[in-house]
Amino acid sequence: MERLSIKWRHLEINGETCLRCSETGKELNKAINLLKEVAKPLGVEVSLEEEIIGPEDFKLNPLKSNEIWINGRLLEEWLGLKNTSTKCCDVCGDFYCRAIEVEGEVQEIIPYELIVRAGLKALWESF
């Protein structure tokens, strides 16, 4: 059986994360459910790996948080998008965290639609 492998990396400190990562996680779960429905008749299994980034690793490179990898490539690569950064809050402190630019608009929370589109491109490429 073929596999669509999705990995989500994000900061977590004492079981908490920022709003940006928390909301991206919700969007990711919705996207995974749809991708599973689409992939099943094609004989493709969709898997999700959640990788927690600790505070020390986050401080070294805050842009590694809130990354979504699909079959070994960043979501931005699948969709031809640019990543950027904006100042975060809460758990992240005063760091500038990962965001993506879509048609000139900065998205701090990665929306369901983009995750699905990237997943479908990865599915298409596997055939």
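What follows is calculated from the coordinates using simple rules that are stated; it is not laboratory data. Every value quoted in this text rests on a predicted model; they were computed, and no experiment measured them. Ideal geometry is used to build each Cβ from the backbone, glycine not excepted, and the neighbour counts take in all protein chains shown.
Can you tell me how many residues in region 103-117 are closer than 30 Å to residue 56 by Cα and touching a residue at least 12 places away in the same chain (Cβ under 8 Å)?
So the count comes out to 8.
Considering only residues that are touching a strand residue (DSSP E or B) at 6+ places or on another chain (Cβ under 7 Å) and of a type in the set (Asp, Glu), look in region 65-93 and name the one that is nearest to residue 42 (Cα to Cα).
76
Output the helices (runs of 4 or more DSSP H) that fall wholly within region 50-127 and possess 1 or more residues being touching a helix residue (DSSP H, G or I) at 6+ places or on another chain (Cβ under 6 Å) and closer than 19 Å to residue 32 by Cα, or say none.
Correct list: 75-79, 112-125.
Only residues in region 62-89 that are more than 21 Å from residue 19 (Cα to Cα) count as the first member; pair them with residues that are among the polar types (S, T, N, Q), Cβ under 7 angstrom, at least 6 apart or cross-chain, and list the lot.
71/5
Could you check region 13-28 and list, in sequence order, the residues that are surrounded by fewer than 18 Cβ atoms within 10 Å (Cβ to Cβ) and either among the polar types (S, T, N, Q) or within 17 Å of residue 69 (Cβ to Cβ) (or both)?
14, 22, 25
Does any residue in region 37-53 that is surrounded by 13 or more Cβ atoms within 10 Å (Cβ to Cβ) come within less than 6 Å, Cβ to Cβ, of a residue that is β-branched (Val, Ile, Thr) six or more places away or on a different chain, and which pairs are these?
These pairs meet every condition: 39/46; 48/6; 48/32.
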